[in-house]
Structures are given as C-alpha cells and as structure tokens.
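For reference, the structure is listed below as structure tokens.
The values are calculated or read from the model by the stated rules, or taken from the named source; none is laboratory data. Quantities reported herein were computed from a predicted structural model and do not represent experimental measurements. Because the Cβ atoms are built from the backbone with ideal geometry, glycine has one as well, and the counts that use them run over all protein chains shown. Only protein heavy atoms, including side chains, enter the accessible area calculation; ligands, DNA and RNA are left aside. Shrake-Rupley method; radii C 1.70, N 1.55, O 1.52, S 1.80 Å.
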Amino acid sequence: MINALPGLAAPNQCGVRVSNSAASLPQIAREASLDVSMTQWATLAFLLASTVLIVPSGWLGDRIGKPRLLKISMIVFLIASIIGTIAPNFATLVVARALQGAGVAAMLTTPMALAGHVRGPCRYARRSIGRAQSCA
C-alpha cells in the first residue's frame, strides 16, 4: 500500500492535488484488498474536513493570530502527510487525509486575510488579495 501513498501527500503549487489521491485509489484498493468505493473515503475525508473547517479556521485566525494559524496549519498538514505516507492500514490513511483537510482549510483562507492586513486599508489591498489567491 505504501507505493500508492506518496501521491496523496503531494501539494500543488496553488493548492492540494485531490486528483492525485483519486488516481491512487485503484492501486490502494488492490493492495489493501478493499472495494474501490470504500477507498473513496480517502478523498472524501480530505474534502469534507477542508470544506467544514474553512469558516472556523477564519474564526480561529482572529483568535490566535493569522500568522500563527498559518504556521500551525502547515505543521498539521506536514505531519498528516507523513502519517498518510507511512499508514499501516486504510483507517489510518483516512484519518491522515482528514487531518490534511483540516490543515488545508486554514492554508487556503489565511493568506488572503494576511494580504489585506499587510497592505493595510488602501486601494491596492484588493489587488494584493487577488494575487494571494491566484499564486501570481
């Protein structure tokens, strides 16, 4: 199963590659003797966690500070990626993918909020936020 897992932890330049995990699912299913529909939970756990935690991550960024939240979310994503890569069973992989989604939720929202604070309330703030979201 470990041969298919590095694709699950590979971040893209502007986000996280969900399609890599989908491409790895048939191989994971064969090696773990699982049904392919069961292995889709590896992708769904990531998507569910990242979708549900986007708004709470904004609230948490206001409470503990956006730079701190961004650092924590990167660490969570890194640790979850390592756990997912060395996962001894499928349940551990699904939990690792959910943790990756939790880390990504803050990593997707925090840079945009930081861009507005770095530039301050000026006419160029919108442009900074656009660049932060577009990886320009």
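Highest average first, the peptides 95-103, 33-41 ordered by how many other beta carbon atoms sit within 10 Å of their residues are 95-103, 33-41. Protein heavy-atom accessible surface, 1.4 Å probe, per residue over the stretch 33-81: 63 Å². Can you compute the FRET efficiency between Glu31 and Ile79 using 1/(1 + (r/R0)^6), with r the Cβ-Cβ distance and R0 = 25 Å? Round to the nearest 0.05. Once the sixth-power term is evaluated, E becomes 0.60.
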